[in-house]
Amino acid sequence: MKILTTPFRIVFIFALVLLISSTNVFSQVASKDFKNSVKFNATNMLLYDSSYQFSYERIIKENQSINVFVGYQEFPKLIVNLTGVEFDRKSKRSGYSLGADYRFYLGSINKYSAPRGVYLAPFVTYFNFNSSRVFSYTDPDTGVVDSADLKMKLNLFNVGGELGYQFVLWDRFVIDCVLFGPSITTYKYNVRVDGDISSLDDNELVQAVIEKMRDKFPNIGNLTGDEGIEKKGVQSVTAVGFRYNISIGYRF
């Protein structure tokens, strides 16, 4: 699955928000006392390959709730062009995510009680990605072909705050929009060549992979190879400046 560029993602988000706003007329009836919601993250599929993320929200106090999520996603496949290096089309990729936010629905602004309306929430999330891809290298001097395995790992731990709005349609259905969520992110990225190819400069390959990573996620910082690097700074969960998503769900 090809990742959409940031402008396309923004257009997609705005289009959905406009659609949601136009349907808000159907949510103007008093909500029944359903305290639970299960939701599916619809926008996470735009950021990662094979992404499935589900969340559960529970009303625990008046205008307060806790929302937890868990998911599976694969890091996008990086295309690296390096003389003599040819990657296998197949790759082993995996990853998971989990997190929680504690929501405060703004009773002074919202016409209805939680879980409908504007909310503010602190959140914490963790993302883990792993990939392994076999490649071959042809020595330009001897023509000898050797193979090895390129392994990559990325971990992100995020603490931040978010602003969102949740629509309730026909009492049972919800559309949850996290509109803005800056965070402080600690991340660690590791890339290494598993195998010995004496004629190949491992560092050159590692740096080529990292450059591709920077192209996709410019805010990820100055990464190095070997044992990776730990870096702290104001980032988003997706390393594109802020956290956002739209989820659709069902109340019970």
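List of remarks:
- The residues on offer are Gly161, Gly249, Gly181, and the sole one that is modelled with pLDDT of 85 or more, surrounded by fewer than 18 Cβ atoms within 10 Å (Cβ to Cβ), under 30 Å from Arg58 (Cβ atoms) and among the small types (Gly, Ala, Ser) is Gly161.
- Test: residue in the stretch 79-86 that is among the acidic types (Asp, Glu) and open to solvent by 50 Å² or more (accessible area, probe 1.4 Å): yes
- Enumerated strands (runs of 3 or more DSSP E) restricted to the stretch 94-191, each holding at least 3 residues that are closer than 30 Å to Gln207 by Cα: 117-138, 145-169
- Among the conditions (1) at pLDDT 85 or above; (2) closer than 22 Å to Asp49 by Cβ, Leu156 misses just one, which is (1).
- Pairing residues of the stretch 135-147 that are free of Cβ contacts under 8 Å to residues at least 60 places away in the same chain and over 18 Å from Gly195 (Cβ atoms) with residues that are of a type outside the set (D, E, K, R) and not in a strand (DSSP E or B), at Cβ distances under 8 Å and at least 6 apart in sequence or on separate chains, gives Pro140/Thr83; Pro140/Gly84; Asp141/Ser199.
- Put simply, of Val191, Val168 the only residue that is in contact with a helix residue (DSSP H, G or I) (Cβ under 8 Å, 6 or more places away or on another chain), at pLDDT below 80 and either open to solvent by 10 Å² or more (accessible area, probe 1.4 Å) or of a type outside the set (D, E, K, R) (or both) is Val191.
- Selection within the stretch 125-151 - basic (Lys, Arg) and open to solvent by 60 Å² or more (accessible area, probe 1.4 Å): Lys151
The values are calculated or read from the model by the stated rules, or taken from the named source; none is laboratory data. Just so you know, these numbers come straight off a predicted model, no measurement behind them. Cβ: placed from backbone, ideal geometry, glycine included. Neighbour counts: every protein chain shown. Please note that ligands, DNA and RNA were not included when accessible areas were found on the heavy atoms of the full protein model with its side chains. Shrake-Rupley method; radii C 1.70, N 1.55, O 1.52, S 1.80 Å.
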